[in-house]
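To start, the structure under review is shown below, and the notes come after it.
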Amino acid sequence: MPELQLIYTDDNFVVSGLAYPHVPILLDGDFEIVKPFFQFIVYLTVQDGRIQSNRTVKNYANALYDYFSFLDANQLLWDDPYLNKENSFTISVLALYRNWSKSLLNDKGHRIVSDSSINMRLSVLKRFYEYCYKTSLINFEPWEVLFKLKPERMPGFLRHTHGQKVIKSNDLMIKTFKRLPQLLSLDQCRELIGAIDNLTMRLITKLILSTGIRKDEVISFSRKYIFEPDMQKPNIRIPISLEPTSNGQRTKGSKPRTVYLSAPLMKELWDYLHFGEGVIRTKRHKKLHGKEPHNLFLNRFGEPFSEAALNNFYRTLYVGEDKRLSFRVNPHMLRHTYATIELYAESTRTNTTKALAWVKSRLGHSSISTTAIYLHCIETLHDQELSSYQAEIDAME
C-alpha cells in the first residue's frame with residue numbers, strides 16, 4: 001500500500017489573490033489530499049495571526065505527518081470516536097499514538113523519542129483536534145479534561161500573598177521533570193573548537209558560544225552585520241540588532257533583539273568574509289544564483305545551511321569510527337553554555353533580577369522563569385571558567 005506523502009505548494013497556490021508558497025499538503029495512498037490536515041494548515045497559514053513563521057507551520061505539518069502515518073500503518077482513523085462512558089468505552093487514538101511513540105527503541109535499546117518531544121507533538125495534535133471540534137469536523141475531543149491547582153507567581157514583596165488558580169489540563173501529556181541544561185566546560189569548548197578543521201563551522205561554533213543565538217538564527221545570520229572593527233579597542237562589545245527583514249535574518253517568533261559580539265570575533269568574521277574560505281563559498285553562491293547571498297555562512301556548495309546539516313555536523317564529532325570528541329555536543333548546548341556564563345558575568349555587575357532580565361533579552365526568552373534555570377547551572381562551572389570565558393573563546397583556534 002502506498003505511503004502518505006508530504007508535499008509543498010509553489011507560487012501557484014493562491015488564496016484571494018495572494019500567493020502562498022511552501023504550504024504543506026498531505027497526500028494519502030491514493031494521492032488524494034487529506035482534507036482535515038489541509039484545512040487546518042491553511043487556517044494556520046492564512047488566518048492565524050499568531051503564526052509568524054513558515055518554520056512553525058512546517059513543524060506542525062511534520063508532527064501531523066508522523067501521527068497520520070502511524071494511523072495509516074495501523075489501519076486507524078483520525079476521527080475514530082472516543083467514548084468513556086458506563087456502557088461505551090474506547091481508547092483514544094491519541095493515547096495509542098503516544099504509547100507507540102514511547103515504545104520506539106534504537107539498536108542499543110534506548111528510547112528514540114524523548115517524553116518532551118512526544119509532549120511537543122501531542123500539543124500540536126491537541127490544537128489540531130480543538131480546531132476540528134470547533135469547526136464541526138468532529139463532535140468530540142479525544143481526551144479527558146482535567147483540572148488542577150497551580151500557584152500564582154507574584155513579584156517581589158508580594159510573593160508571600162500568592163494564591164492558586166485553576167488550570168485546565170488533559171490526560172494525554174506525559175509527566176516530565178525539568179533537568180538542568182547541559183553545558184560545556186571551558187576545556188570542552190577548547191577541545192571542540194580544536195576538533196573542527198572547517199573554518200566556517202569553527203566560526204559558527206564561536207558565534208553561538210559568544211552570543212547564544214539559536215540554530216535558525218546562526219544559519220541565517222546576515223553578512224550586513226559584519227564590519228572591520230577598531231582593534232585598538234579590543235575589549236569593546238559590539239551590539240548587533242537581529243531584525244527579521246528582507247535580508248533573510250530569522251529569529252524565533254520574528255521578534256527583534258540585540259546580541260553582542262567581541263571585537264576579536266568581529267575581526268575574525270570580517271576576515272572570513274573577505275579572504276579565503278568565505279570568499280570561495282560566496283563565489284559559488286553567485287555562480288548558482290547570480291547574486292550576493294544574504295547569509296554570512298554557506299556550505300561548501302555555496303548554499304545556506306539547514307538546521308539538520310548543523311546538527312549532523314556536530315554529531316559526526318562524537319559518533320562513529322572517526323569521532324574526535326569523547327563528549328556529546330549540539331548547538332543548544334553551546335547556547336546553554338553562553339547563557340550561564342553571561343548570567344554570571346552580569347550578576348557580578350548588578351543584582352540578580354537585573355542580570356536575569358539582561359540575559360532574557362539576549363536569549364530572546366518569552367518568560368524570565370525560563371532564564372532563571374541558568375542560576376542553578378552556574379554552580380557546575382569553576383570560577384576561572386566563569387571569569388575568563390569570552391577572552392578564552394576569542395583566543396581559541
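The values are calculated or read from the model by the stated rules, or taken from the named source; none is laboratory data. Remember, it's a predicted structure, so these values are computed and weren't measured experimentally. Neighbour counts are summed over all protein chains in view; Cβ atoms, including those assigned to glycine, are modelled from backbone coordinates with ideal geometry. The area values use the complete protein model at the heavy-atom level, side chains included, leaving out ligands, DNA and RNA. Shrake-Rupley method; radii C 1.70, N 1.55, O 1.52, S 1.80 Å.
One table, with the values for the structure above:
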item	result
Residue in the stretch 93-112 that is surrounded by 14 or more Cβ atoms within 10 Å (Cβ to Cβ) and part of a loop (DSSP other than H, G, I, E, B) present	no
Output for the stretch 42-61, where each listed residue is under 20 Å from the mean Cα position of the chain (by Cα), outside any loop (DSSP other than H, G, I, E, B) and over 12 Å from residue 4 (Cβ atoms)	44, 45, 54, 55, 56, 57, 58, 59, 60
Residues that are at pLDDT below 90, open to solvent by 50 Å² or more (accessible area, probe 1.4 Å) and either among the hydrophobic types (A, V, I, L, M, F, W, C) or part of a helix (DSSP H, G or I) (or both), drawn from the stretch 216-253	252
Filter result for the condition that a residue is at pLDDT 95 or above and either over 23 Å from residue 41 (Cα atoms) or in contact with a Lys or Arg (Cβ under 7 Å, 6 or more places away or on another chain) (or both), over 167, 118	118
Subset of the stretch 62-80 [of a type in the set (Gly, Ala, Ser), more than 19 Å from the chain's Cα centre (by Cα) and under 16 Å from residue 25 (Cβ atoms)]	69
Filter result (open to solvent by less than 90 Å² (accessible area, probe 1.4 Å) and modelled with pLDDT under 80) within the stretch 135-154	146, 151, 152, 154
Residue ID - farthest from residue 131 (Cα to Cα), chosen from residues in the stretch 37-61 that are of a type outside the set (A, V, I, L, M, F, W, C) and open to solvent by less than 70 Å² (accessible area, probe 1.4 Å)	53
Search result, residues across the stretch 281-298 that are without any contact (Cβ under 8 Å) to a residue 24 or more places away in the chain and either part of a helix (DSSP H, G or I) or in contact with a Phe, Trp or Tyr (Cβ under 6 Å, 6 or more places away or on another chain) (or both)	282, 283, 284, 285, 286, 287, 288, 289
Some residue of the stretch 186-207 being at pLDDT below 95, under 25 Å from residue 120 (Cβ atoms) and surrounded by 17 or more Cβ atoms within 10 Å (Cβ to Cβ)	no
Selection count, the stretch 4-36, where residues are open to solvent by less than 100 Å² (accessible area, probe 1.4 Å), without any contact (Cβ under 8 Å) to a residue 40 or more places away in the chain, outside any strand (DSSP E or B) and within 22 Å of residue 134 (Cβ to Cβ)	2
Residue within the stretch 333-346 that is open to solvent by 40 Å² or more (accessible area, probe 1.4 Å), at pLDDT below 95 and either in contact with a Cys (Cβ under 7 Å, 6 or more places away or on another chain) or under 25 Å from residue 376 (Cα atoms) (or both) present	yes
Matching residues in the stretch 21-44 - criterion: being in contact with a strand residue (DSSP E or B) (Cβ under 8 Å, 6 or more places away or on another chain) and within 20 Å of residue 124 (Cβ to Cβ)	22, 23, 24, 25, 26, 27, 33, 34, 37, 38, 41, 42
Sole exception among (1) under 27 Å from residue 185 (Cα atoms); (2) open to solvent by less than 40 Å² (accessible area, probe 1.4 Å) for residue 285, by number	(1)
Every pair of residues 6+ apart whose Cβ atoms lie under 6 Å, when the first sits in the stretch 349-376 and is closer than 15 Å to residue 253 by Cβ while the second is assigned to a helix (DSSP H, G or I) and among the hydrophobic types (A, V, I, L, M, F, W, C)	360/368; 363/339
Number of the exception - residue 200 against (1) outside any strand (DSSP E or B); (2) closer than 22 Å to residue 339 by Cβ; (3) hydroxyl-bearing (Ser, Thr, Tyr)	(2)
Single residue of the stretch 301-322 satisfying the filter (assigned to a loop (DSSP other than H, G, I, E, B) and either at pLDDT 95 or above or of a type in the set (A, V, I, L, M) (or both)) that is surrounded by the fewest Cβ atoms within 10 Å (Cβ to Cβ)	301
In the stretch 75-92, residue modelled with the lowest pLDDT [restricted to those that are open to solvent by less than 80 Å² (accessible area, probe 1.4 Å) and more than 15 Å from residue 143 (Cβ to Cβ)]	88
